[in-house]
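Every read-out reported here was derived from the displayed coordinates using simple, explicitly stated rules and does not represent laboratory data. Since this is a predicted model, take the numbers as computed values, not measurements. No Cβ is skipped: glycine too gets one built from the backbone with ideal geometry, and neighbour counts run over all protein chains shown.
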Ligand code: HEM
Ligand code: FES
């Protein structure tokens with residue numbers, strides 16, 4: 001292969017010769033493989049134009065005029081020098097623009113921006129100018145003539161093929177694989193089974209899901225507390241139209257607080273009881289309703305409440321839930337309503353869960369039913 | 001250029017076997033083969049010694065002879081793959097720097113650093129270390145931003161490169177497998193980007209992970225198990241970020257390096273394709289020698305790409321995680337947007353209507369998630385992977401193709417490509433439907449409904465329009481060959497006839513316009529035909545092929561033949577007065593036209 005290529009590399013000086021042959025352009029890729037006709041393309045079209053061959057190389061100004069070449073040389077050198085300047089700028093920025101601990105936020109971000117900018121521009125000059133210089137050098141000063149190299153069909157010659165086939169057949173015969181099915185079959189069996197332990201080993205990457213997707217931290221009697229500021233809630237704290245982000249009390253002391261928070265987040269909204277349908281009223285307390293904040297589409301927190309329409313909007317893919325109609329989906333890619341958390345008050349008048357969620361919160365899964 | 005077949009590292013090296021120390025002798029062959037016979041200089045001697053050393057250890061001279069002068073064609077569109085390659089290198093370099101400071105753990109810690117608003121807060125190690133990297137490591141933010149910008153450029157370059165390859169037909173035999181490697185690289189680029197995006201454990205990346213876990217959950221039968229195994233329990237868990245880290249910095253980069261090597265190896269093996277032009281044939285390759293011209297251009301281009309991404313990172317903030325805050329599953333992330341290469345999946349998820357989810361036999365099947373997030377990318381990749389074989393099935397072309405198609409000369413393929421781009425862009429736009437709604441003050445529901453319609457209706461229209469445009473351009477090419485170029489010179493004949501003078505185009509320019517071969521629709525062999533492969537009957541395969549073939553090639557414009565050109569010139573429609581477009585020529589003036597031609601010649 002390499003030997004052929006070497007022979008065929010044609011220098012610009014030699015080039016005219018193979019190309020002035022005006023070989024027809026398309027079907028020239030060597031002899032067509034035997035027995036592979038090409039009906040749509042193979043019909044001889046006698047009246048095609050002939051390939052006029054490569055155009056004469058037109059010398060560039062740098063080829064003709066030594067002064068132009070000299071100018072290009074200076075330009076390249078100037079670019080390389082500019083790169084050095086960039087490197088120095090980057091180093092200077094690194095050592096002079098410091099971000100100190102006790103700055104105000106605005107000043108800190110300003111300083112950070114300046115440091116990033118100066119360092120970045122320095123590095124940009126350092127890198128870009130090397131690149132621009134080298135490319136300019138190649139385009140203006142290195143030889144501008146194109147070369148021609150032959151291509152060979154990738155397939156081997158018929159002799160190569162016959163020989164390869166023979167070698168493979170011989171080897172197979174020598175190994176005796178065909179003659180000794182016992183060896184072949186046991187080998188196949190052994191190789192097929194060998195990966196099993198590897199798969200088994202992956203088993204401990206995580207526990208079985210069991211009912212984890214259907215359980216949340218909520219149970220009857222748990223207080224609703226504001227999130228993130230904390231504090232229990234009395235119905236009187238909420239005026240009609242207000243929204244509170246809520247977690248179950250004690251969730252941060254749970255064994256896996258983040259995992260619990262990811263399922264237990266709830267949105268509490270107070271509406272005029274007139275505006276709630278029968279179903280919603282079931283779990284409501286004086287017009288106060290609580291719904292899971294975990295979108296039933298892909299689990300983003302649904303948190304954009306529009307007071308006039310009483311719609312909840314998910315920021316991820318814009319599923320829209322109607323709070324006055326039991327959080328039915330009225331638009332978007334979610335299918336199921338947000339599950340409702342039934343509410344009541346404890347003897348001291350604080351809002352508590354009357355029960356846990358009655359269905360799995362969040363995105364759908366196969367076992368959900 | 002005086003010595004072309006005597007590369008620098010060859011020469012008498014082979015004869016020096018047995019000489020214990022070659023470094024201090026000026027007689028090493030290589031130096032005499034050096035440029036301008038700079039025989040005795042110190043550098044030449046040193047180079048000769050290195051060359052000798054390398055040759056005697058691994059036969060460097062043969063490698064240089066075989067490889068150094070390989071010819072690479074030059075065209076701006078061939079730089080797209082290079083941009084992908086170089087941004088990958090930039091990603092590797094900047095990524096290694098980031099690993100020095102990033103801590104892949106979600107163990108809780110108290111952030112103490114320069115950014116006062118978060119000081120003293122309980123956050124994960126991952127988030128805290130990314131903050132430290134941004135604020136307290138000098139240049140850390142710059143490197144983070146270079147890394148992120150390069151990832152965006154990488155994905156974009158791959159996509160555009162892929163379309164370059166598609167529209168020019170560079171995927172045809174013998175490059176089908178390189179196309180497949182390319183599609184896999186494109187897919188992996190999306191995964192790799194997503195994995196990286198998730199590492200800082202900020203509010204947006206956590207939201208992305210939450211979505212990833214829901215996508216896993218939507219898979220029938222095994223979804224909840226997959227999620228539980230991957231996350232090491234419930235979402236978010238403590239296992240996923242460290243695991244993702246290993247995937248992001250070790251597994252996928254290794255696969256990338258492997259696949260990119262295979263990709264480039266095949267490019268060298270097949271030799272690069274070339275655009276059609278005089279002297280460029282399927283059995284040659286015309287371009288610049290690898291060493292030194294192509295090496296310099298490509299090497300220089302690496303620095304240009306690296307420099308420009310650095311400039312982008314210096315000027316434009318990207319992913320300011322301190323502004324988003326640490327991940328917490330409950331706060332709302334209004335207007336959250338993924339990186340652009342995820343955008344089309346996000347858009348598809350937004351368009352899928354909720355009623356696609358259903359419950360059957362006590363099980364929930366969430367097609368509203370499964371179809372856009374799993375099936376769509378899967379089907380798109382499979383179609384892309386199989387396309388080269390689909391086309392060769394239709395054309396029945398089994399030869400090697402090294403001269404690229406001009407996209408207009410393959411109208412159906414070009415139409416299909418534009419159709420795919422239209423589909424993709426509409427999904428991408430859908431990923432920003434909320435932004436469009438607020439910008440245009442339209443209802444988001446109306447926009448989403450409109451996009452649902454458009455994503456189905458527009459791609460076929462794009463196909464038809466593109467195909468028409470291609471055929472039109474081919475006709476223009478024919479006109480140009482038959483009637484020459486408009487010169488803008490208006491001539492008035494003695495009879496008062498006014499026309500525009502056309503100039504003939506030269507034979508090299510003409511070659512570019514006539515070199516291609518138009519496909520003929522394929523006729524299935526008739527049953528009684530003998531020796532037609534399977535002479536006995538017309539198979540389903542034949543019929544399918546002929547139907548597809550008609551779809552591809554029914555509308556076509558053949559290139560001008562010499563006979564047609566001669567006829568056009570003879571009839572006076574040649575390079576004289578304007579023709580074809582019908583402008584500047586009255587219908588009943590054939591005689592004046594002829595007169596015009598003669599005066600011109
Ligand atoms: C990591 C991503 C990729 C890198 C680093 C890369 C790099 C390159 C480079 C440097 C070339 C040679 C120059 C050129 O034609 O642009 C090339 C050629 C090629 N690439 Fe890629 N590429 C990538 C992804 C892809 C993708 C996504 C596809 C298509 C699905 C693809 C298909 C091809 C093919 C078929 C060739 C040969 C083209 C020809 O010879 O004209 N590559 N690639
Ligand atoms: S996650 Fe809420 S709409 Fe998708």
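General remarks:
- Rounded if a/c under 1.5, otherwise prolate or oblate - chain B, Cα gyration tensor axes: oblate
- Each of the peptides B:151-158, B:294-301 was scored by the mean count of other Cβ atoms within 10 Å over its residues; in descending order, highest first, they stand as B:151-158, B:294-301.
- Burial ranking of peptide ranges A:131-137, B:251-257, B:65-71 (average Cβ count within 10 Å, highest at the top): A:131-137, B:65-71, B:251-257
- Pairs of C-alpha atoms in chain A farther apart than 26 Å represent 76 percent of all such pairs.
- Cβ-derived FRET efficiency at R0 35 Å, residue B:471 paired with residue B:67, nearest 0.05: 0.20
- Sorted peptide list for B:539-550, A:186-197, B:391-402, criterion being average Cβ within 10 angstrom, highest first: B:391-402, B:539-550, A:186-197
- Whole-number percent relative contact order across chain B, with pairs defined as alpha carbons under 8 Å at least 6 apart: 13 percent
- Once C-alpha pairs closer than 8 Å and six or more residues apart are averaged by separation and normalised to the residue number of segment B:102-254, the relative contact order reads 20 percent.
- Segment A:213-353: C-alpha gyration tensor shape, a/c 1.5 cut-off, then a/b vs b/c: oblate
- Chain A: relative contact order as a whole-number percent, Cα under 8 Å and 6+ apart: 12 percent
- Look at where the Cα atoms of segment B:402-452 and of segment A:61-97 average out, and the two centres are 43 Å apart.
- Shape call, the protein assembly as shown: gyration tensor on alpha carbons, a/c limit 1.5: prolate
- Average partner coverage of B:390-396, which counts Cβ from other chains inside 10 Å: 2
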